[in-house]
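Data block below; observations after.
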Amino acid sequence: MKSQNNKIRIGRINYTNVWPIYYYFPELVSKEDIEIVNQVPTGLNKALAAGEIDMGTISSFAYGEVFEDYVLYPDLSVSAFGKVNSILLFHEKPLHEIVNGRIALTTSSATSIHLLKIIIEKFYAGKPGYSFASPVLDDMMIKHDAALLIGDDAIRESWRNTKYRITDLGKEWAKWTGEWMSFAVWAVRKDTVDKHPELVKRVFESFVQSKKMGLESPEAMIGEAERTIGGSKEYWRNYFGQLCYDFGSQQWKGLRTYYQYCWELGLLPKMPSIEIWFEKRIARVTE
């Protein structure tokens, strides 16, 4: 439910991969209009579906589950064409040798879990056993042949890693499909658009401006990532530089392919339509 002061509640994934869009956002909007809620992707997915938040960054898969209730902001996503560096499968044997083995899945993800299932089951014709585990790599690997980590957990383990092969799911997706992959999208509840059209517009404009500032002046953001997460300035400069924060026709096309495969594998009950918010209209992506 909305808070009594009628603020719009905005969900934010508490991973560094969204920083270029969110970093300057709080200084561009009135605190009287918005409230930011920080959670892992699975928490935000549930909160938006329940109406506990009004808009926010959610897993692309979560949009596919509840697409009738949402529209997506254009120009805003966490996407990649190739390596993403924070959606990583750790394994000792080559990937093709473990596709029928046991795989531990992080409890923090939705899009990445189903992307992994597409890669293994559709592209490698595997039928592994899956189980969920807390994102602690050494514990996950005790009884499993591979472990999926995302976000800052994946980044930290990639730095520490000395024994495991690492498969970047963004790179695998691009290799097999030749398309973009959007891991997170900016969704708005349709009832929020109806009730607060002007505020929805102002929030969008502030996000776009924050993205512009974050990409043009990344040094403060890079320095904070270095201090709070670790790594080097060079690592974070490359990390933010490899990700794409746009959401246009190329990203829409890749996302439709992702949904198509999810539907074919029975991971979604119906094929989602992608509806994009624009000022004064909603557009459905058809190609």
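Under 5 Å between amide hydrogens, built in the peptide plane, is the criterion, and for Ser273 it picks out nothing among residues at least 5 positions away or on other chains. In order along segment 189-195, the Karplus-derived 3J(HN,Hα) couplings, from 6.51 cos²θ - 1.76 cosθ + 1.60 at θ = phi - 60°, round to 5, 4, 5, 5, 4, 5, 7 Hz, and Gly and Pro are given as x. Each peptide in 265-277, 51-63 was scored by the mean count of other Cβ atoms within 10 Å over its residues; highest first, the order is 51-63, 265-277.
The stretch between Asp33 and Glu264 holds 79.0 nm of extra length on full extension. This uses 0.36 nm per residue minus the Cα-Cα distance. Shape call for segment 19-176 from the C-alpha gyration tensor, a ≥ b ≥ c root eigenvalues: rounded (a/c under 1.5), prolate (a/b greater than b/c) or oblate? Taking the square roots of the gyration eigenvalues as a ≥ b ≥ c, segment 19-176 is prolate.
Annotation: amide H-H contacts under 5 Å for Gly82 (H modelled 1.01 Å from N, sequence separation of 5 or more, or interchain): Ala174, Met181. In whole angstrom, the chain maps to an equivalent ellipsoid with semi-axes of 31, 22, 17, each derived as √(5λ) from the alpha carbon gyration tensor and ordered largest first. Exposure proxy ranking for Ser109, Ser158, based on other Cβ atoms within 10 angstrom of each Cβ and starting from the fewest, stands as Ser158, Ser109.
If you sort the three axes of the alpha carbon gyration tensor as a ≥ b ≥ c, you get a/c of 1.5 or more for segment 189-287 and a/b no higher than b/c, which makes it oblate.
What you get for the chain, charging only the Cβ of Lys and Arg (+1) and of Asp and Glu (-1), is a dipole of about 340 debye around the Cα centre.
Can you classify segment 87-177 as rounded, prolate or oblate using the Cα gyration tensor, where a ≥ b ≥ c are the square roots of its eigenvalues, rounded means a/c under 1.5, and otherwise it's prolate if a/b beats b/c and oblate if not?
rounded
Of the DSSP beta bridges with both residues in segment 87-177, give the percent that are antiparallel, rounding to the nearest 5. Of the beta bridges lying entirely in segment 87-177, close to 55 percent run antiparallel.
Only Lys, Arg, Asp and Glu carry charge here, each on its Cβ (+1 for the first two, -1 for the last two); on that basis segment 87-177 has a dipole of about 220 debye about its Cα centre.
Placing unit charges on the Cβ atoms of the charged side chains and taking the dipole of the chain about its Cα centre, the candidate lying farthest along the positive direction among Ser249, Ala49, Pro272 is Pro272.
Just so you know, all these numbers are worked out from the coordinates, no wet-lab data involved. Remember, predicted model here, so these are calculated numbers, not experimental data. No Cβ is skipped: glycine too gets one built from the backbone with ideal geometry, and neighbour counts run over all protein chains shown.
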